[in-house]
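Report on one structure; see the data block that follows.
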């Protein structure tokens, strides 16, 4: 849990955060110190937060000489391959949204992205989705072989909990966030969702069954990101309850849009193979309710996410904009 004194890596992270603070060029501030939502620039916010996260991730999984060098090369290959970094950004936004400092949640943000990356490495394996392309690059097992790819995923998953535990927050808060993260990543969350997805290929599902699947496979990590960031920011129980509703709506909306993009976007646009869901007989929102109703559902979920934030002040503006970003994205 740490000894209460920031270590060298944490001091470096805090230095990066200070150097990338959002100023008036991207986000006006009212006299009361809160953001003016009419002046909020999501593009600048994302660029600045992602820049901080990228450097923190590189430190979290540092290069290492020795017999295990290949393992760390493989871990870094996928972890540092870019992407929207939406989940770790949500960690930081939730922390800020309840009045916390993002320094308190940075390690947890890294842990979330490490677990997300592990899931992508394993999803891409021949025994799973059998993908050759991810984020416009060859998938991990195509570069490093299946055995090293599996172990790279294992390393990211396990190391994520060490990173998350290195916090100066009260031990009970850190343990709560880690417990939520373990539940989201494990047999009651992502792993269960993946099993339901694999066993459901070629078998027709109801809409409720599909929502249950994606609540585990996709939504659980969104909830863990938002709730973990909020916990570390000092959220009250009522705030955690509202943010749970927000994250569930956001996670499901993200998946609905993902299903739509698999049908409507090109492989070049997405940086990965599209049209694969239909080819594998997977259950998706477009396959069950059609494209138009899926797009309408995504909008309804966006509105649900916004309603969940009704009791929050302007500090939650990034969360509001991120809910819209999740369904307006084109990749």
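Structural remarks
- Criterion violated by residue 259 - all others in (1) in contact (Cβ under 8 Å) with a residue 24 or more places away in the chain; (2) in a helix (DSSP H, G or I); (3) within 18 Å of residue 177 (Cα to Cα) satisfied: (3)
- Only residues that are touching a strand residue (DSSP E or B) at 6+ places or on another chain (Cβ under 7 Å) and under 15 Å from residue 164 (Cα atoms) were counted across the stretch 83-129, and they come to 0.
- Residue check, residue 241 outside any helix (DSSP H, G or I) and over 15 Å from the mean Cα position of the chain (by Cα): no
- Residue-level analysis places residue 234 outside the set of residues that are crowded, with 23+ Cβ neighbours inside 10 Å and at pLDDT 95 or above.
- Residue check: residue 135 meets all listed conditions (1) at pLDDT 95 or above; (2) on the phi > 0 side of the Ramachandran plot but one, namely (1).
- With respect to being in a helix (DSSP H, G or I), without any contact (Cβ under 8 Å) to a residue 24 or more places away in the chain, under 17 Å from the mean Cα position of the chain (by Cα) and over 20 Å from residue 59 (Cα atoms), residue 182 fits the description.
- Output for the stretch 268-292, where each listed residue is loosely packed, with under 14 Cβ neighbours inside 10 Å and at pLDDT 85 or above: 290, 292
- Among the candidates 127, 204, 188, residue that is within 25 Å of residue 89 (Cα to Cα) and surrounded by fewer than 22 Cβ atoms within 10 Å (Cβ to Cβ): 188
- Condition check for residue 155: modelled with pLDDT of 95 or more, outside any helix (DSSP H, G or I) and within 18 Å of residue 108 (Cα to Cα): no
- Flag if residue 49 is under 18 Å from residue 91 (Cα atoms) and at pLDDT 80 or above: yes
The values are calculated or read from the model by the stated rules, or taken from the named source; none is laboratory data. Since this is a predicted model, take the numbers as computed values, not measurements. Heads up, the Cβs are rebuilt from the backbone with ideal geometry, glycines too, and the neighbour counts pull from every protein chain shown.
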